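The values are calculated or read from the model by the stated rules, or taken from the named source; none is laboratory data. What you are looking at is a predicted structure, and each value in this text was computed from that prediction instead of being measured. When we count neighbours, we look across all protein chains shown, and the Cβ atoms used for this are built from the backbone with ideal geometry, even at glycine. The accessibility values were calculated without ligands, DNA or RNA, using every heavy atom of the protein model including side chains. Shrake-Rupley method; radii C 1.70, N 1.55, O 1.52, S 1.80 Å.
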Amino acid sequence: MAELPTPDASALDPLLAPKKVCEITSLSLSEIHRRRQAGTFPDPEPIGDRRVAYRQSVIAAWLADPMGWGRTKPAGAGRAA
């Protein structure tokens, strides 16, 4: 599994491309999509007309507790209302 860069406390929360998230989590794009549909993986943020990205902090939170993600999502993570 690839190492997730440790963010500097004064830095902005970086965006990660879906392929980078696959590398970090060792999941395929298809598996990420299935887990998003099931509510057990965070949703990406739209960053353009046809482009999305994931916040590094949200992926780090998912990595800290992937089995508990669907039960206890951190504030501001996952599906928007």
### Query
Only one of these conditions is not met by THR72: (1) touching a Gly at 6+ places or on another chain (Cβ under 8 Å); (2) modelled with pLDDT under 95. Which number is it?
(1)
#### Entry: Cross-chain or 6+ apart pairs with Cβ under 7 Å, region 38-49 first and closer than 12 Å to PRO18 by Cα and charged (D, E, K, R), then part of a loop (DSSP other than H, G, I, E, B) and open to solvent by 30 Å² or more (accessible area, probe 1.4 Å)
ASP43/ARG79
### Query
Pairs, please: C-beta under 6 Å, at least 6 apart or cross-chain, first residue closer than 13 Å to THR25 by Cβ and in region 55-70, second hydroxyl-bearing (Ser, Thr, Tyr) and assigned to a loop (DSSP other than H, G, I, E, B)?
TRP69/THR40
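Answer yes if at least one residue in region 35-44 is at pLDDT 90 or above, open to solvent by less than 70 Å² (accessible area, probe 1.4 Å) and in contact with an Asp or Glu (Cβ under 8 Å, 6 or more places away or on another chain), and no otherwise.
The answer is yes; a qualifying residue exists.
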### Task
Considering every residue within region 21-34, establish whether at least one is at pLDDT 95 or above, surrounded by 16 or more Cβ atoms within 10 Å (Cβ to Cβ) and among the charged types (D, E, K, R).
no
